[in-house]
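Q: Take a look at this one; I'll ask things after.
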2 protein chains.
Amino acid sequence: MIGKMSIAIGAALAALAAGFAAAQQQGAPLQVPAKSVPVPADVSPQMGKIIGLPLRANWDIHPKDGAAWKPVAEAGAEALRKLVPGMIERLHVKVERTTIDGVRAFIVTPDVVTPENRDRVLVHVHGGCYVLNPGEAGLPEALFMAGFGHFKVISVDYRMPPEAVYPAAHDDAMTVWKAVTRTTDPRKTAIFGTSAGGALTLAMVLRAKQEGLPLPAAIAPGTPMSDTTKVGDSFVTNAMLDNVLVSPDGFCDDGAKVYADGHDLKDPMLSPVYGDFTGFPPTILTTGTRDLLLSNTVRVHRKLREAGVEAFLQVGEGQSHAQYIRDDTAPETRAVFEEIAHFFDTHLTH
Amino acid sequence: MIGKMSIAIGAALAALAAGFAAAQQQGAPLQVPAKSVPVPADVSPQMGKIIGLPLRANWDIHPKDGAAWKPVAEAGAEALRKLVPGMIERLHVKVERTTIDGVRAFIVTPDVVTPENRDRVLVHVHGGCYVLNPGEAGLPEALFMAGFGHFKVISVDYRMPPEAVYPAAHDDAMTVWKAVTRTTDPRKTAIFGTSAGGALTLAMVLRAKQEGLPLPAAIAPGTPMSDTTKVGDSFVTNAMLDNVLVSPDGFCDDGAKVYADGHDLKDPMLSPVYGDFTGFPPTILTTGTRDLLLSNTVRVHRKLREAGVEAFLQVGEGQSHAQYIRDDTAPETRAVFEEIAHFFDTHLTH
């Protein structure tokens, strides 16, 4: 800790010294001084608690292969799994494990399916940098969508390192997608997911286009890892402010690289912002003002609009990466999922 | 400069020391270290030039009355006025000065008015913290809207300190609004403006509601000064990063206070985020990832959605406050105004 602080002080002084020389020079990097950032006043107590958490413990770990990631993923998953039963109860949903054409998945069914949602099915791909949130740990967002939106959701428990590397997660997601569209009218389906799940959502549509498969009627990529090459202004501006991802050089970058396993990170399958969005279904994007992937999200929004795609953006006040899928009792969480549900309801046929 | 740097270094060290104690404490302010922020790679050269400008000269001036603001406003206006003829030429519009029921205004007419826009009229209220951009200096955004969107625009050159204080600007805007709705079907009108003009746009609809006047068919408040009480996370997170407004305690705060002249800043007329948005027309909001008013904008977006209003948000990559109304040759500028024009075209009747 002392060592880290010394380095930080050194960096701060270097930055200030550089600022002294460069302050008036156009195009030079802007030297932004250190600042103390309180929890914003205009959020709910529940969201304030999440925003006020210290930087994620071990944000700067760098596991170099799937075997090294496994204990990290297990520890995180165990903590998350404990929260799932309470969520299931509060959200009035039920969860069944299943296998779809060999791919592990969960079926999440709300106790009350509204009449207009009776034949609709949503496909969910969870987040976690392609290495985290195996099994039930990937469920919270699926539960929120099912509970707040009254939709039936199929959540893909895709393969991750060390079990398999790229394109295993993508393949598993596509296997489920194909199975769903064999039994459900695609115009009654949507795909959604957050972070790596947001990138997978976009990649699934790109792949469905390439492979001539049906497209969903709408998608909801939440704060997508749309650029794993670290291009995007908020990678810098929100570094050390986003208390979840913390830094473009943190754990999540390593997770994506381990999954990519040497595959080109600029391939739209791994950085979908570089994909061709022509013909995409209506898209609703979610991010937060402190999100390290704020730029990744708004860049996708703009590119979709340039491709003529209907695309709606919502940005949560004070929220870091994916904090809208943490606490189902936060009114901000409900608002995000009700907005997505409204968007899906508008674009899916009955 | 040396003195400022010493203070900044002291503050940085204090912040780091505080961080040392508070790092693991939930709810404590987050200590964000100093950082060097380059111009992002994923913007056009024109926008990169604007983003790469040093912090606005004299951002920390604090003129205390209208007389003290006047020379500041004049100097700024003189620089801006020089850019207007080039904009008029490139955008193929013409500008006439006029007076509408005693209020100074400009009529901006594009050389080509599309058939669907023939009977449509937009009302523009310029920005500038209620003290800047008198006369032609307030025109750029009106020119962009007329040029890119092919709409006829009436731009209100409202009274500002020292000529008059609150509610003079609001009154002038409402006088023009009433005049326009006497001759134009309100379903064929929209109101737009940026910064103080974004706040005025929202305040005009609040006042029209209160006074039982017709509402426009759509509005486009750009990065509205929707909260002059300094609530909003980005007032902190984007401070010293936004190179236009720079700080919640900078020049713009003083400008708003001089205009308010002691009137309660929490009045929705001056902080429209606290207004009742029920029944508002469809609204398109614009901001940027580095904008000091990013939170002011996303909070309005959420409140509109909670009131059941159709509301669309666009966020410019890397942009500080209102940088989309600087350079008509930047593709990002065109994209913003084409998006607004598309929104207006969708919601205004022919």
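Q: Quick check on my filter: what residues within the range B:84-99 are buried (at least 18 other Cβ atoms within 10 Å of the Cβ) and farther than 15 Å from B:Gly138 by Cα?
A: Selection gives B:Leu91, B:Val93.
Q: Additional query: Look at the range B:287-317 and say how many of its residues are closer than 26 Å to B:Lys49 by Cβ and charged (D, E, K, R).
A: Going through the range B:287-317 one residue at a time, the tally reaches 3.
Q: Let me ask another. Could you please find all residues in the range A:155-172 being out of contact with any Gly (no Cβ under 9 Å at 6 or more places or on another chain) and crowded, with 24+ Cβ neighbours inside 10 Å?
A: Of everything in the range A:155-172, just one residue is out of contact with any Gly (no Cβ under 9 Å at 6 or more places or on another chain) and crowded, with 24+ Cβ neighbours inside 10 Å, namely A:Ala169.
Q: For A:Val273, state whether it is within 28 Å of A:Ala164 (Cβ to Cβ), aliphatic (A, V, I, L, M) and either touching a residue at least 24 places away in the same chain (Cβ under 8 Å) or within 14 Å of another protein chain (Cβ to nearest Cβ) (or both).
A: Here the answer is yes, as A:Val273 does meet what is asked.
Q: Going by the structure shown, is B:Pro33 within 14 Å of chain A (Cβ to nearest Cβ), buried (at least 18 other Cβ atoms within 10 Å of the Cβ) and of a type outside the set (S, T, N, Q)?
A: Considered against the rule, which asks whether it is within 14 Å of chain A (Cβ to nearest Cβ), buried (at least 18 other Cβ atoms within 10 Å of the Cβ) and of a type outside the set (S, T, N, Q), B:Pro33 comes out as yes.
Q: Might you let me know whether the range B:131-138 holds any residue that is assigned by TED's automatic domain parsing to the domain that holds B:Pro281, in contact with a Leu (Cβ under 7 Å, 6 or more places away or on another chain) and outside any loop (DSSP other than H, G, I, E, B)?
A: Within the range B:131-138, one or more residues are assigned by TED's automatic domain parsing to the domain that holds B:Pro281, in contact with a Leu (Cβ under 7 Å, 6 or more places away or on another chain) and outside any loop (DSSP other than H, G, I, E, B).
Q: Quick check on this structure: which one of B:Ala179, B:Ala190 is touching a residue at least 12 places away in the same chain (Cβ under 8 Å) and not in a helix (DSSP H, G or I)?
A: Just a single option satisfies the conditions, and that option is B:Ala190.
Conditions tested, residue by residue: (1) facing chain B (nearest Cβ under 9 Å); (2) under 26 Å from A:Ile88 (Cα atoms).
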| residue | (1), (2) |
| --- | --- |
| A:Lys303 | no, no |
| A:Gly318 | yes, no |
| A:Ala322 | no, yes |
| A:Arg326 | no, yes |
| A:Pro331 | no, yes |
| A:Asp345 | no, yes |
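Q: Do you know which residues across the range B:208-224 are away from chain A (no Cβ under 14 Å), in a loop (DSSP other than H, G, I, E, B) and in contact (Cβ under 8 Å) with a residue 60 or more places away in the chain?
A: B:Leu215, B:Pro216, B:Ala217, B:Pro224
Q: Return the residue satisfying two criteria in turn: it lies in the range A:234-250 and is in contact with a helix residue (DSSP H, G or I) (Cβ under 8 Å, 6 or more places away or on another chain) and away from chain B (no Cβ under 11 Å), and of such residues it is nearest to A:Ile50 (Cα to Cα).
A: A:Val244
Q: Could you identify the single residue in A:Ala57, A:Ala75, A:Ala67 that is exposed (fewer than 14 other Cβ atoms within 10 Å of the Cβ) and part of a loop (DSSP other than H, G, I, E, B)? First the steps, then the outcome.
A: Numbers: A:Ala75 fails: part of a loop (DSSP other than H, G, I, E, B); A:Ala67 fails: part of a loop (DSSP other than H, G, I, E, B).
When all the criteria are applied, what remains is A:Ala57.
Q: When you scan the range B:225-233, do you find a residue that is within 16 Å of B:His124 (Cα to Cα), more than 14 Å from chain A (Cβ to nearest Cβ) and part of a helix (DSSP H, G or I), even just one?
A: There is no residue in the range B:225-233 that is within 16 Å of B:His124 (Cα to Cα), more than 14 Å from chain A (Cβ to nearest Cβ) and part of a helix (DSSP H, G or I).
Q: Moving to a separate point now. Which one of these is over 21 Å from A:Asp60 (Cβ atoms), within 17 Å of the chain's Cα centre (by Cα) and free of Cβ contacts under 8 Å to residues at least 24 places away in the same chain: A:Val298, A:Val205? Spell out how you get there, then give the answer.
A: Working: A:Val205 fails: free of Cβ contacts under 8 Å to residues at least 24 places away in the same chain.
Selected residue: A:Val298, the only one of A:Val298, A:Val205 that is over 21 Å from A:Asp60 (Cβ atoms), within 17 Å of the chain's Cα centre (by Cα) and free of Cβ contacts under 8 Å to residues at least 24 places away in the same chain.
Q: Being among the acidic types (Asp, Glu) and closer than 21 Å to B:Val336 by Cα narrows it down to one residue among A:Glu317, A:Glu310; which is it?
A: A:Glu310
The values are calculated or read from the model by the stated rules, or taken from the named source; none is laboratory data. Remember, it's a predicted structure, so these values are computed and weren't measured experimentally. Glycine also receives a Cβ, built like all others from the backbone with ideal geometry; neighbour counts cover every protein chain displayed.
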